[in-house]
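Here, each number is a calculation from the coordinates, and none is a lab measurement. All figures in this text were calculated on a predicted structure; none of them were measured in a lab. Positions of Cβ are backbone-derived with ideal geometry, glycine not excepted, and every protein chain shown enters the neighbour counts.
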Amino acid sequence: MTNAEEKLREWQVLYREWAELEHRLHSSDAQAGGPGAVEMKVRARFLQQQCASALAALDSAVEAIRQRRARRENIS
């Protein structure tokens, strides 16, 4: 597995967890301030930040692949 594939998988896992949590946050219990609502909001914010970091890492990995290909093509 390439570095880009690893970064993609990491982002996918984080994004799924964040999306599920966001869905739960929009339920009636969380909207009413039910038990654990504050913790879920904090966790959702943390996951959102982790998703952004993982996406930036994925972008960097893809850019590195592009640069390697460009150098290889220039050598040929």
Expected single match for of a type in the set (A, V, I, L, M, F, W, C) and more than 18 Å from the chain's Cα centre (by Cα) among A32, A19 is A32
Flag if R16 is in contact with a helix residue (DSSP H, G or I) (Cβ under 8 Å, 6 or more places away or on another chain) and either farther than 30 Å from R68 by Cα or β-branched (V, I, T) (or both) | no
